[in-house]
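A.B. asks: I'd like to ask you about the structure that follows.
The values are calculated or read from the model by the stated rules, or taken from the named source; none is laboratory data. Worth saying up front: this structure is predicted, and the values here are computed from it rather than measured. Don't worry about glycine lacking a Cβ; one is built from the backbone with ideal geometry, like all the others, and counts go over all protein chains shown.
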Amino acid sequence: MPLPKISTVAGTGVVIAGDDVDTDRIIPARYMKCVTFDGLGEFLFYDVRFDENGRPKAHPLNDPQHHGATILIAGRNFGCGSSREHAPQAIYRYGFRAIVAESFAEIFFGNAITLGIPCVTASRTDLAKIRHAVTANPKAKLTVDLVQQTVELASEVFTASVRGSARDALLTGRWDAIGDLLDAQDLVQKRAADLPYMRPNLVPAP
Amino acid sequence: MLLIPVLRMGKTLFQKVWDAHAVRDLANGQTQLLIGTHLIHEVTSPQAFAMIRELGLKVPYPHRTFATVDHIVPTDRRTVPFEDPLAEAMIKELRANCDQFGIRYFDIPSGKQGIVHVVGPEQGITQPGTTIACGDSHTSTHGAFGAIAFGIGTSQVRDVLATQTIAIGRLKVRRINVNGRLRPGTYAKDVILHIIRKLGVNGGNGYAYEYGGEVFDNFTMEERMTVCNMSIEGGARAGYVNPDATTYAYLKGRPYSPAAEEWNQAVARWTTFASDPDTEYDDVVTFHADEIEPTVTWGINPGQAVFISESLPDPKTANTEERDSLVEAFDHMKLVPGQPIKGTPIQVAFLGSCTNGRLSDFQEVAKFIQGRHVAPNVKAIAVPGSQAVGAVCKELGIDRIFSDAGFEWREAGCSMCLAMNPDKLVGDQLCASSSNRNFKGRQGSPTGRTILMSPVMVAAAAIAGQVTDARELFNA
């Protein structure tokens, strides 16, 4: 399955304030009552963006100046909690194509990379600068560069790293592992043969 | 001539299980890891099956995937079809997918339905030395048996269905010792809340947690599950306890456990997976049991917790890095900095979830609530983690003890832990909860508030109508 190689993402940014932003906040559980991921984008950060009567609250995602932003800027441990892939799916379907944060929760990170969303980390100090600049000028253009491992903002260049395996996967267009995994079915069979609990006869009849 | 001694460093259980399941190294440095046991439920699997169909893939090991329905099931009225058409559509989809691909499904009429992390162990599907994955972060629960168990996303659910493997990077291992003996009135829930409070909600990022020490040696399997369950709340994708006689005694005779001559072989094999005594860990952290008191969260993540005797922190005295988080938490929780948590009025009490919805949780609470009653202004619900747990509670008369005390005794499911079914907080109700997450809006109302605690503390709060030290209320 040929996938596009992802080396840079350029666009405007929007800031999601705070550390430890969990996936329940990114997509509240009630919007997971669905059998497809279609349409999840509109419920992104729903309870932070709208009040209980569905009226928009003051939130950067409701600010028309941030309309069309493709880079999400977050804090420490972004995406903690539930393993729901609905979270990065909602982020992607809303229109984001990269996330810059101080750090990411493990499961969220893997889910996002599998969808081809680069998750890059920057220092707390640099993130504060990026946040400030993007809030001050919503039209400021950002470039996330996976080759250089930087985030460019106007004339400033910040160091931004991506874990080796994820960077490689994005740059080579192998971020969705299914193709690679399907390639080794004979090896899987061999491995399974060494594991007694994998034997079909050990599973009782229903 | 000098003889150079060969250094034979021991291995951790994590390394041994990993090595036994590693299929190959992938180009990007990750490992293609065989997932021996795959658990699925209605929320995170439908899109995976859709992808399988779309890509024209097969499911080559259907006997290694097990399904149940838990997140969206109503716990009060089980009339079918469900009143909520979305819930009905999801359960139908799961049923159809399991039928099409020949996957074992513990449906409601089977009497074996329940929260996936309660069903796996009680059926004997969860076994030592295995790899387990499920589209649910609390899959770490199964590590209690000496398995390496991960929560995965839906694309990875697809990967497991289609290949029985996932692409994943190796984790480091942090050994967490809890030595000594727990003080009376202090439970497994307090141990894990304390660990998360001390190591942080992201402290486990990149690690598997290996729990050990006297406290874990003495713990029952259900207590070990409570701790492993919340590993992910500390940022650790997996958590485990080395298998021992307690593990084997629990598994013996369960429906999916090895039987007859297979049993002894299995135990002999399982024993080999335990971490070697001369293992060097990537990190070691040691706690003493007597430093742990009944613990309750007060904020909006599981690390924001205090002992029941303590006062709440004050953002004014916190460092700049933490201040914003504390202010945000106080703002949501409507609590006052510096005040004691004890005495905070509650409106709802929830007893259940994959953290604390097992038989021993209800048995322990039943000891204390007999002859007492839930406070008049509190709605208290008790939700068994599985139909099997519910059935044993009925047999033992535990359901009656709860009903007599003013709890609503419900049918099995995830219920108000994440409120995907009709069990939800209303407005800014404050809930004393035996579940695992106190995130904003987690229990179904965007302004709802959650205080996590042990089941006995939940019962004490329900009876007193406020957050209470159960040791004082129950003279324990």
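A.B. asks: Any residue in the stretch B:393-410 that is within 21 Å of the chain's Cα centre (by Cα), more than 13 Å from chain A (Cβ to nearest Cβ) and of a type in the set (Val, Ile, Thr)?
C.D. replies: No, every residue in the stretch B:393-410 fails to be within 21 Å of the chain's Cα centre (by Cα), more than 13 Å from chain A (Cβ to nearest Cβ) and of a type in the set (Val, Ile, Thr).
A.B. asks: Oh, and also: Just give me the residues in the stretch A:156-169 being in contact (Cβ under 8 Å) with a residue 40 or more places away in the chain and either surrounded by fewer than 18 Cβ atoms within 10 Å (Cβ to Cβ) or under 30 Å from A:His59 (Cα atoms) (or both), in sequence order.
C.D. replies: Within the stretch A:156-169, A:Ala160, A:Ser161, A:Val162 meet the criteria.
A.B. asks: What pairs come up if the first residue lies in the stretch B:316-338 and is among the acidic types (Asp, Glu), the second is surrounded by fewer than 15 Cβ atoms within 10 Å (Cβ to Cβ), and their beta carbons are under 8 Å apart, counting only those six or more places apart or on different chains?
C.D. replies: B:Glu321/A:Arg124
A.B. asks: Additional query: For residues that are surrounded by fewer than 24 Cβ atoms within 10 Å (Cβ to Cβ) and assigned to a loop (DSSP other than H, G, I, E, B), tally how many sit in the stretch B:449-466.
C.D. replies: Count: 1.
A.B. asks: Then there is this: I need the full set of residues from the stretch A:17-33 which are part of a loop (DSSP other than H, G, I, E, B), at the interface with chain B (Cβ under 7 Å from one of its Cβ atoms) and crowded, with 19+ Cβ neighbours inside 10 Å, in order please. Even if it seems obvious, please write down each step before you answer.
C.D. replies: Within the stretch A:17-33, the first condition is being part of a loop (DSSP other than H, G, I, E, B), and the residues that meet it are A:17-21, A:27-28, A:33.
Going one step further and asking which of them are at the interface with chain B (Cβ under 7 Å from one of its Cβ atoms), we end up with A:18-20, A:28, A:33.
A:Asp19, A:Asp20, A:Pro28, listed by residue number.
A.B. asks: Condition (residue is surrounded by 15 or more Cβ atoms within 10 Å (Cβ to Cβ), of a type in the set (S, T, N, Q) and more than 11 Å from every other protein chain (Cβ to nearest Cβ)) applied to the stretch B:75-94: is it met by at least one residue?
C.D. replies: So far as the stretch B:75-94 goes, yes, one or more of its residues are surrounded by 15 or more Cβ atoms within 10 Å (Cβ to Cβ), of a type in the set (S, T, N, Q) and more than 11 Å from every other protein chain (Cβ to nearest Cβ).
A.B. asks: Is it the case, given these coordinates, that B:Phe216 is in a strand (DSSP E or B) and either away from every other protein chain (no Cβ under 11 Å) or buried (at least 20 other Cβ atoms within 10 Å of the Cβ) (or both)? Full working, then the answer.
C.D. replies: Values: in a strand (DSSP E or B): no; either away from every other protein chain (no Cβ under 11 Å) or buried (at least 20 other Cβ atoms within 10 Å of the Cβ) (or both): yes.
So B:Phe216 fails the test.
A.B. asks: Any idea how many residues of the stretch B:137-180 are at the interface with another protein chain (Cβ under 7 Å from one of its Cβ atoms) and outside any helix (DSSP H, G or I)?
C.D. replies: So the answer is 7.
A.B. asks: Sticking with this one: Being crowded, with 20+ Cβ neighbours inside 10 Å and either free of Cβ contacts under 8 Å to residues at least 24 places away in the same chain or more than 14 Å from every other protein chain (Cβ to nearest Cβ) (or both) is the filter here, so list the residues in the stretch B:188-211 that pass it.
C.D. replies: Result: B:Ala188, B:Lys189, B:Asp190, B:Val191, B:Ile192, B:Leu193, B:His194, B:Ile195, B:Glu210, B:Tyr211.
A.B. asks: If you don't mind, another one. Determine if the stretch A:95-103 includes at least one residue that is buried (at least 24 other Cβ atoms within 10 Å of the Cβ) and over 23 Å from A:Gly173 (Cβ atoms).
C.D. replies: yes
A.B. asks: Quick one: A:Phe108 ticks every box in (1) closer than 30 Å to B:Ala260 by Cβ; (2) within 9 Å of another protein chain (Cβ to nearest Cβ) bar one, so which box is it?
C.D. replies: Tallying (1) closer than 30 Å to B:Ala260 by Cβ; (2) within 9 Å of another protein chain (Cβ to nearest Cβ), A:Phe108 fails exactly one: (1).
A.B. asks: Condition test on A:Leu61, is it modelled with pLDDT of 95 or more and either in a loop (DSSP other than H, G, I, E, B) or in contact with a Lys or Arg (Cβ under 9 Å, 6 or more places away or on another chain) (or both)?
C.D. replies: Criteria met by A:Leu61.
A.B. asks: Could you list, in sequence order, the residues of the stretch A:156-169 that are of a type in the set (Val, Ile, Thr) and away from chain B (no Cβ under 14 Å)?
C.D. replies: Residues satisfying the conditions are A:Val157, A:Thr159.
For every residue, the table says whether it meets (1) of a type in the set (Lys, Arg); (2) under 22 Å from B:Glu122 (Cβ atoms); (3) without any contact (Cβ under 8 Å) to a residue 60 or more places away in the chain.
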| site | (1), (2), (3) |
| --- | --- |
| B:Glu42 | no, yes, yes |
| B:Gly56 | no, no, yes |
| B:Tyr61 | no, no, no |
| B:Ala87 | no, no, no |
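A.B. asks: Let me ask you something else. Working only within the stretch B:251-275, note down all residues that are part of a helix (DSSP H, G or I) and either loosely packed, with under 15 Cβ neighbours inside 10 Å or of a type in the set (Val, Ile, Thr) (or both). Step through it out loud before you land on a result.
C.D. replies: Of the residues in the stretch B:251-275, the ones part of a helix (DSSP H, G or I) are B:251, B:261-272.
Result: B:Glu261, B:Asn264, B:Gln265, B:Val267, B:Ala268, B:Thr271, B:Thr272.
A.B. asks: Also, quick follow-up: For B:Glu321, work out the one condition from (1) under 24 Å from A:Val21 (Cβ atoms); (2) acidic (Asp, Glu); (3) touching a strand residue (DSSP E or B) at 6+ places or on another chain (Cβ under 9 Å) it doesn't fulfil.
C.D. replies: (3)
A.B. asks: Note down all Cβ pairs under 6 Å where the first residue falls in the stretch B:374-401 and is within 20 Å of B:Asp423 (Cα to Cα), the second is among the acidic types (Asp, Glu), and they're at least six residues apart or on different chains.
C.D. replies: B:Ile381/B:Glu408
A.B. asks: Moving on. Which one of B:Thr65, B:Thr75, B:Thr154 is more than 30 Å from B:Trp18 (Cβ to Cβ), of a type in the set (Ser, Thr, Tyr) and over 17 Å from the mean Cα position of the chain (by Cα)?
C.D. replies: Of the residues listed, the single one that is more than 30 Å from B:Trp18 (Cβ to Cβ), of a type in the set (Ser, Thr, Tyr) and over 17 Å from the mean Cα position of the chain (by Cα) is B:Thr75.
A.B. asks: Return the total of residues in the stretch B:219-250 being of a type in the set (A, V, I, L, M, F, W, C), outside any loop (DSSP other than H, G, I, E, B) and either within 14 Å of another protein chain (Cβ to nearest Cβ) or under 13 Å from B:Ala149 (Cα atoms) (or both).
C.D. replies: Matching residues across the stretch B:219-250 total 6.
A.B. asks: Condition first: of a type outside the set (Lys, Arg), touching a Gly at 6+ places or on another chain (Cβ under 6 Å), assigned to a helix (DSSP H, G or I) and modelled with pLDDT of 95 or more. Can you find one or more residues in the stretch B:419-434 that meet it?
C.D. replies: Scanning the stretch B:419-434, I find no residue that is of a type outside the set (Lys, Arg), touching a Gly at 6+ places or on another chain (Cβ under 6 Å), assigned to a helix (DSSP H, G or I) and modelled with pLDDT of 95 or more, so the answer is no.
A.B. asks: Do we have A:Thr172 as hydroxyl-bearing (Ser, Thr, Tyr), more than 7 Å from chain B (Cβ to nearest Cβ) and buried (at least 16 other Cβ atoms within 10 Å of the Cβ) here?
C.D. replies: Numbers: hydroxyl-bearing (Ser, Thr, Tyr): yes; more than 7 Å from chain B (Cβ to nearest Cβ): yes; buried (at least 16 other Cβ atoms within 10 Å of the Cβ): no.
Considered against the rule, which asks whether it is hydroxyl-bearing (Ser, Thr, Tyr), more than 7 Å from chain B (Cβ to nearest Cβ) and buried (at least 16 other Cβ atoms within 10 Å of the Cβ), A:Thr172 comes out as no.
A.B. asks: Which of the residues belonging to the stretch B:415-434 are without any contact (Cβ under 8 Å) to a residue 60 or more places away in the chain and of a type in the set (A, V, I, L, M)?
C.D. replies: Scanning the stretch B:415-434 gives B:Ala419, B:Val426.
A.B. asks: Also, quick follow-up: Looking for something part of a loop (DSSP other than H, G, I, E, B), more than 14 Å from chain B (Cβ to nearest Cβ) and crowded, with 19+ Cβ neighbours inside 10 Å - is there at least one such residue anywhere in the stretch A:143-155? It would help to see each step written out before you state the result.
C.D. replies: Here is the first cut: in the stretch A:143-155, the ones part of a loop (DSSP other than H, G, I, E, B) are A:146-149, A:154-155.
Narrowing further to those that are more than 14 Å from chain B (Cβ to nearest Cβ): A:147-149, A:154-155.
Next cut, crowded, with 19+ Cβ neighbours inside 10 Å only: none.
No.
A.B. asks: Is it true that some residue in the stretch A:114-132 is among the small types (Gly, Ala, Ser), within 14 Å of chain B (Cβ to nearest Cβ) and either under 21 Å from A:Gly164 (Cα atoms) or in a strand (DSSP E or B) (or both)?
C.D. replies: Narrowing the stretch A:114-132 to residues among the small types (Gly, Ala, Ser): A:116, A:122-123, A:128.
Applying the additional criterion that residues be within 14 Å of chain B (Cβ to nearest Cβ) yields A:116, A:123, A:128.
If we keep only those that are either under 21 Å from A:Gly164 (Cα atoms) or in a strand (DSSP E or B) (or both) as well, we get A:116, A:123.
Scanning the stretch A:114-132 turns up at least one residue that is among the small types (Gly, Ala, Ser), within 14 Å of chain B (Cβ to nearest Cβ) and either under 21 Å from A:Gly164 (Cα atoms) or in a strand (DSSP E or B) (or both).
A.B. asks: Name the residue that is farthest from A:Ile117 (Cα to Cα), counting only residues in the stretch A:34-77 that are aromatic (Phe, Trp, Tyr) and within 10 Å of chain B (Cβ to nearest Cβ).
C.D. replies: A:Phe50
A.B. asks: Could you list all residues from the stretch B:23-44 that are assigned to a strand (DSSP E or B) and facing chain A (nearest Cβ under 8 Å)?
C.D. replies: The initial filter retains those residues of the stretch B:23-44 that are assigned to a strand (DSSP E or B), namely B:23-25, B:31-34, B:37-40.
Within the stretch B:23-44, B:Val23, B:Arg24, B:Gln32, B:Leu34, B:Thr37 meet the criteria.
A.B. asks: Now a separate question. Given (1) crowded, with 18+ Cβ neighbours inside 10 Å; (2) within 14 Å of chain A (Cβ to nearest Cβ); (3) among the β-branched types (Val, Ile, Thr); (4) over 16 Å from B:Thr297 (Cα atoms), identify the lone condition not met by B:Val383.
C.D. replies: Failing condition for B:Val383: (2).
A.B. asks: Just a yes or no: is a residue in the stretch B:103-121 under 22 Å from B:Ala50 (Cα atoms), without any contact (Cβ under 8 Å) to a residue 40 or more places away in the chain, of a type in the set (Ser, Thr, Tyr) and not in a helix (DSSP H, G or I)?
C.D. replies: Looking for residues that are under 22 Å from B:Ala50 (Cα atoms), without any contact (Cβ under 8 Å) to a residue 40 or more places away in the chain, of a type in the set (Ser, Thr, Tyr) and not in a helix (DSSP H, G or I), one finds at least one in the stretch B:103-121, hence yes.
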